[in-house]
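The values are calculated or read from the model by the stated rules, or taken from the named source; none is laboratory data. Treat the numbers as computed from the prediction; the structure is a model and nothing was measured. Note that we place each Cβ from the backbone using ideal geometry, even for glycine, and neighbour counts take in every protein chain shown. Ligands, DNA and RNA are excluded from the accessible area calculation, which covers all protein heavy atoms including side chains. Shrake-Rupley method; radii C 1.70, N 1.55, O 1.52, S 1.80 Å.
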Amino acid sequence: MKKLIVMLLCAAMLLCLCACGQKPAEQPAAEEAPAAEEVIAAEETAEEVTAAVEETAADAAILGGWTKADVVALTVDQQELLQKATEGLLGAKYIPVAFLGSQLVSGTNYALLCRVAPVTADPVETYAIVKLYQDLSGNVSLLDVTDSGVPTNINELAGGWQQCEAPIVNEELQAIFDKALEGYTGMGFKPVALAATQMVSGTNYCFFCESVPVDGGESGYAFVTVYKDLDGNAQITEVAPFSAE
């Protein structure tokens with residue numbers, strides 16, 4: 001009986017020793033889980049860093065450059081910016097026509113096509129590109145005025161030139177312009193905004209355009225007058241280059 005008890009005790013001790021001996025072998029498996037989690041976390045961090053770098057690069061490509069307006073129709077906010085920037089200024093009155101583009105700086109620059117009417121006894125109103133600056137606090141100032149030297153001829157009289165309520169060049173206006181441009185040589189034009197119209201025996205349209213010489217010269221701006229008669233025929237009647245005076 002004693003021998004049996006001794007044998008059982010020995011067997012129990014052997015089982016304990018085996019169990020203890022297996023623990024070191026199982027430990028690496030327990031340590032592998034954190035390692036896998038660290039790899040996943042590292043991969044996620046790398047993806048976040050890559051995305052941040054790409055976003056920064058994209059921002060850097062845009063920052064400082066002018067972006068053309070997708071919609072040239074002026075918003076109320078843009079009109080208010082012009083009013084704030086020019087209030088208190090003597091010598092001229094500024095009437096907004098179209099929104100041309102913006103530029104991200106330490107704040108934002110805005111470019112507007114405007115009518116500029118000098119406050120004189122016999123004023124000659126002209127078109128100009130007016131640039132505004134709005135700082136990060138919302139303050140607005142007049143940055144630059146580039147006069148085109150092109151008279152607007154707007155007099156608000158019956159039968160006279162009238163500013164357009166909507167300066168957007170839609171498909172119908174683009175078709176009229178394209179028809180008028182057929183056969184015109186020496187210069188290519190891309191209408192940006194419709195500045196004014198005049199009802200006659202037919203309709204006159206004044207388009208503010210980007211101009212590109214067909215011989216590859218320097219591009220610029222011009223005001224192109226198109227006449228459409230009552231039968232739908234269209235032709236260019238005048239081209240007034242933006243002289244940037």
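Structure notes:
- Net charge of Cβ neighbours under 11 Å - reference F99; Lys, Arg +1; Asp, Glu -1: -1
- Solvent-accessible heavy-atom area per residue, rounded to whole Å², over the stretch 75-159 at 1.4 Å: 52 Å²
- For the stretch 101-223, the share of accessible area belonging to carbon and sulfur comes to 51 percent (1.4 Å probe, ligands and nucleic acids excluded).
- 3J(HN,Hα) along the stretch 198-212: 9, 8, 10, 7, x, 9, 9, 10, 10, 9, 8, 10, 7, 10, 9 Hz, from the Karplus curve 6.51 cos²θ - 1.76 cosθ + 1.60 with θ = phi - 60°, whole Hz, x for Gly and Pro.
- Segment T67-N139, length gained on full extension (0.36 nm per residue, minus Cα span): 23.8 nm
- The chymotrypsin sites (Phe, Trp or Tyr not before Pro) of the stretch 144-245 that DSSP puts in a loop, and whose beta carbon has at most 14 other beta carbons within 10 Å, are Y184.
- Expressed as a whole percent, the proportion of Cα-Cα pairs in the stretch 149-245 lying more than 22 Å apart is 25%.
- Extension gain, E165 to Y184, is 4.0 nm, computed as 0.36 nm per intervening residue step minus the present C-alpha separation.
- R0 of 45 Å, Cβ-Cβ distance L90-E172: FRET efficiency to nearest 0.05: 0.65
- Fraction of beta bridges assigned by DSSP in the stretch 84-167 that are antiparallel (%, nearest 5): 95 percent
- Phi-derived couplings, Karplus 6.51 cos²θ - 1.76 cosθ + 1.60 at θ = phi - 60°, listed residue by residue for the stretch 220-232: x, 10, 7, 9, 10, 9, 10, 10, 10, 7, 6, 8, x Hz, with x used for Gly and Pro.
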